[in-house]
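The next block holds one structure in the form of structure tokens; read it before the comments.
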Amino acid sequence: MDREWGSKPGSGGAASAQNEAIDRRERLRRLALETIDLAKDPYFMRNHLGSYECKLCLTLHNNEGNYLAHTQGKRHQTNLAKRAAREAKDAPAQPQPHKRKVAPRKVVKIGRPGYRVTKQFDHDTKQRSLLFQIEYPEIEDNAKPRHRFMSSFEQRVEAFDKRFQYLLFAADPYEIIAFKVPSTEIDKSTPKFFFTLGP
């Protein structure tokens, strides 16, 4: 009986630790070849003898699998860390732009303003328009209402729909209100796009 202990007849014997390691390396090599693109590796180089070199570690490798195994090894990883640290130290420190911190104003909101929306149609130019009348009777002194258009990508209240955009109006101490309007090009020429403040 010269089969190894613990193996069944005809099974080929129990795999030794060395055979398991070889098999594991081969599986890792195949997996790495499928997932890693060597053309994008800046340290991978094929020399004139047909073997492969790691330009970072200055090592020679017989095949791509051997090189890929090297890239996962301690030596290559240590050299990568050293190089990154050296580049971080040598890079000139970029001056950070001085950002003025603006504290958000604490304003107690008193609710939504009154509003009226009127649909209009110009028979001469065949253009549709909307007239928004927002009432801010208790607006703060010297404050002007603000408005802006917001795309459907920016808002987080409803699901994204590229057919619509939002027109927002804001004035303290009122809550911000938004209107969902069709996402068509808006004619912002002077007589058609206007913003006036009433008494």
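The values are calculated or read from the model by the stated rules, or taken from the named source; none is laboratory data. Please read these numbers as outputs of a predicted model, since none were measured by experiment. With ideal geometry, Cβ positions are generated from the backbone for all residues, glycine too; neighbour counts draw on all protein chains shown. Ligands, DNA and RNA are excluded from the accessible area calculation, which covers all protein heavy atoms including side chains. Shrake-Rupley method; radii C 1.70, N 1.55, O 1.52, S 1.80 Å.
What nm distance separates the two modelled labels at residue 86 and residue 36, each placed 7 Å from Cα along Cα→Cβ?
2.1 nm
Mind listing the long-range amide H neighbours of residue 165? Cut-off is under 5 Å, sequence gap 5 or more, other chains count too, H placed in the peptide plane at 1.01 Å from N.
181, 183
Remind me, relative contact order of the chain in percent, using alpha carbon pairs under 8 angstrom and six or more residues apart?
Computed over the chain, the figure is 11 percent.
What value does segment 105-199 have for Rg/Rh, both radii from Cα atoms and Rh as Kirkwood defines it?
0.99
Based on the mean of other Cβ atoms within 10 Å per residue, sort peptides 119-128, 69-78, 19-28, 99-108 so the most packed one is first.
In descending order of packing, they fall as 69-78, 19-28, 119-128, 99-108.
Per-residue ellipticity at 222 nm for the chain, helices alone: DSSP H runs ≥ 4 residues times -39500 (n - 2.57), over residue total, nearest 500 deg cm²/dmol?
So the helix-based figure for the chain works out to -7000 deg cm²/dmol.
Can you pull the percent of Cα pairs in segment 75-149 with separation above 19 Å?
71 percent
Quick one: what do you get for segment 31-73 if you divide its Cα Rg by 2.2 N^0.38 Å?
Ratio of Rg to 2.2 N^0.38 Å for segment 31-73: 1.04.
Could you tell me what percent of the accessible area of the chain is made up of carbon and sulfur, with a 1.4 Å probe and every protein chain present?
52 percent
For the chain, divide the Cα radius of gyration by the Kirkwood radius and give the resulting Rg/Rh value with two decimals.
Ratio of gyration radius to Kirkwood radius for the chain: 1.35.
Can you give me the long-range amide H partners of residue 115? Hydrogens built in the peptide plane at 1.01 Å from N, cutoff under 5 Å, separation of 5 or more residues or another chain.
So residue 115 has HN proximity to 135.
Cα gyration tensor of segment 148-199, axes a ≥ b ≥ c as square roots of the eigenvalues: rounded (a/c below 1.5), prolate (a/b > b/c) or oblate?
Note, shape of segment 148-199 comes out oblate.
Here are some pairs, 119/144; 99/188; 101/192; which of them have Cα atoms lying more than 28 Å apart in this structure?
Violating the 28 Å Cα-Cα cut-off are 99/188; 101/192.
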